[in-house]
1. Which one of these does His504 not meet: (1) open to solvent by 40 Å² or more (accessible area, probe 1.4 Å); (2) of a type outside the set (Val, Ile, Thr); (3) touching a Leu at 6+ places or on another chain (Cβ under 7 Å)?
2. Using the structure shown, decide if Arg454 is in a helix (DSSP H, G or I) and free of Cβ contacts under 8 Å to residues at least 60 places away in the same chain.
3. Search segment 204-225 for residues that are closer than 13 Å to His439 by Cβ and pair each with any residue that is β-branched (Val, Ile, Thr) and modelled with pLDDT of 85 or more when their beta-carbon atoms are under 7 Å apart and the residues are at least 6 apart or on different chains.
4. Taking the residues in segment 114-133 that are open to solvent by less than 60 Å² (accessible area, probe 1.4 Å) and part of a helix (DSSP H, G or I) as candidates, determine which candidate is nearest to Gln79 (Cα to Cα).
5. If I go through segment 559-584 residue by residue, how many of them are open to solvent by 40 Å² or more (accessible area, probe 1.4 Å), modelled with pLDDT under 95 and either of a type in the set (Lys, Arg) or part of a loop (DSSP other than H, G, I, E, B) (or both)?
6. Residues that are in contact (Cβ under 8 Å) with a residue 12 or more places away in the chain, of a type outside the set (Asp, Glu), assigned to a strand (DSSP E or B) and over 12 Å from Phe484 (Cβ atoms): does segment 535-548 have at least one?
7. Considering each of Ala69, Ala64 in turn, give the residue that is closer than 16 Å to Val384 by Cα and at pLDDT 50 or above.
8. Taking the condition closer than 20 Å to Leu397 by Cβ and of a type in the set (Ser, Thr, Tyr), does Tyr335 pass?
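The values are calculated or read from the model by the stated rules, or taken from the named source; none is laboratory data. A quick note: this is a predicted structure, and the numbers were derived from the prediction, not measured. FYI the Cβ positions are ideal-geometry reconstructions off the backbone, even for glycines, and counts take in every protein chain you see. To get the accessible areas, we keep the full protein, side chains included, count just its heavy atoms, and leave off ligands, DNA and RNA. Shrake-Rupley method; radii C 1.70, N 1.55, O 1.52, S 1.80 Å.
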Amino acid sequence: MKAETGRIARRRRSVSQRPRPAPMPQPAPDSALAEEAWRRLDRHVHARLGAAVGGISVIGLAQAWADWAAHLALSPGKQMELAWKAARKARRLAEALPRAPEAEGATAIEPLPQDRRFDAPEWRQMPYRAMSQAFLMTQQWWTNATTDIPGMTRENERMVEFFSRQWLDMLSPANFLATNPQLIERTMREGGANLARGAGFLLEDMARAFADAQDSATAFRPGHEVAATPGKVVYRNHLIELIQYAPQSDTVHAVPLLIVPAWILKYYILDLSAENSLIGWLVGQGFTVFCISWKNPDADDRDLGFDDYREAGVMAALDAVTAITGARVVHALGYCLGGTLLAVTAAAMARDGDDRLASVSMLAAQVDFSEAGELSIFTTAPQVALLEDMMWEEGYLDQKRMAGAFNMLRSQDLIWSRMTREYLMGERDHESDLGAWSHDATRMPYKMHSQYLRRLFLGNDLAGGRFDAGGEPVFLADIRAPVFVVATETDHIAPWHSVYKLTHLLHGDVSFALVSGGHNSGIISAPGNPRARYRLLRHGAGDRHESGDEWAASVAPEPGSWWPVWAAWLQSLAPGSTPPPPMGRAEAGYGILADAPGSYVLMP
């Protein structure tokens, strides 16, 4: 025992006599300032480079092409397949072309259903038939060449396939005077007057672009031709104005409706001209409707985050609606990014025991971003890093950069066909309410948009239960309010298969409507639209889950608009009527501040 005690004492003395490591040097204040200055320099350089190349990450694009080229070079089987397909396409093209110049010949390849560039009868004559058919064959071959490359990452494959399609669309024979028979016929018939008109349109657009100005001479002005449903602004803070719409009947449905629009563009997508106004239609159906109008942020709003939009946006509006109407519960509707925000808010309210939501409706809104479609091409890690540096310098993401990305998703229709029609045909499109709204763009604050891109698109944190609201994670499975989801068949921003995943992530009752049209046109599909149709799924808690394709194949589309189906669903949840609530409630702090549509929607 004494020997053991002696060994312990000697070991302690040995340890105590060892030299102690020197403390880590703390960075001097000057060092920290230097590091910050170096990071600022990097951000500044990246922002300038990004502006020069249109906000596209050249490094990310180069990495994708290098991935494609390297893996294709090491895949002799894929090379042989492409060579065989090229030879087969050339033979099919040669066999299909007519022997006589005046004959039409057979069809070697049909364009995709949405491709209308070669629909005119002039394209059936030689040599234009050969040009269009050869172009479509080349386009198909390049799709084969940029997909299914062994070893290539899915992200890089999507990027290479997308940008190769952009370049081919630019080179379409429909885009050039010498190879487009419709342009040739129009030019000869008008003696070149169409080209003179087109040149004038081009000069107008160039002058507007150099002046960095939007077209203010629109026929659809908020508060006049659009956003004209009567109402009052009953609440305003640094982020939102809340509009309460005037009732049109002596009684209204018992539960009011709060609309949370996206803030990428302005709220009146849901209040266009009278025949296309969802808000006006709802008021006419006896609903008490409130709608958020978001402020267009500037550099001073750079630090507004997703939680600010939830608290100062949805929660502040919900407090106002319950105080004004006296209702205990509220129906809530979110559109696009507003729907994603509403899902986060509903999950946070369920977590916190706040049961004021009678129902949740989501229009073209995603909560799982693992299959977000072609928009994910612009949300890769290099692309997001570049956008963050560009936003850091300005304090926001400029609306023109977002508009450019959305146009590239449908470049065939929104860029090249439009330029051909306006600058070569000499025809200006007739302005529509939806078209005017789509040009009334907004900005995105630096902090919020960075969180949106990194945590939702890149990290998919909301679907994975890692997204924070109020400092704590939220879980979509906690939402117990009934949910109605609308997706559109040809949506290029929120693909319907991605939106459909809500039926798997939510554990309560979910109604899912798949409607005809695109991201905007499918939502703004009023009763009486002859092309409107929808499929409807009623999924109860505990029901078996089906894949989207399996379900869609088993259900025949119904003719008509989805609006009445959704309104009937809302009424079934809260039957009964009541006298209309007052317009605002001054004694509760919600007095009338202005006529609708308010001032925020008019901000440039």
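1. It is condition (3) that His504 fails.
2. no
3. Correct list of pairs: Phe220/Val226; Pro222/Val601.
4. Going through the qualifying residues, I end up with Gln133.
5. Of the residues in that region, 2 qualify.
6. yes
7. Sole residue among the options that is closer than 16 Å to Val384 by Cα and at pLDDT 50 or above: Ala64.
8. In short, yes.
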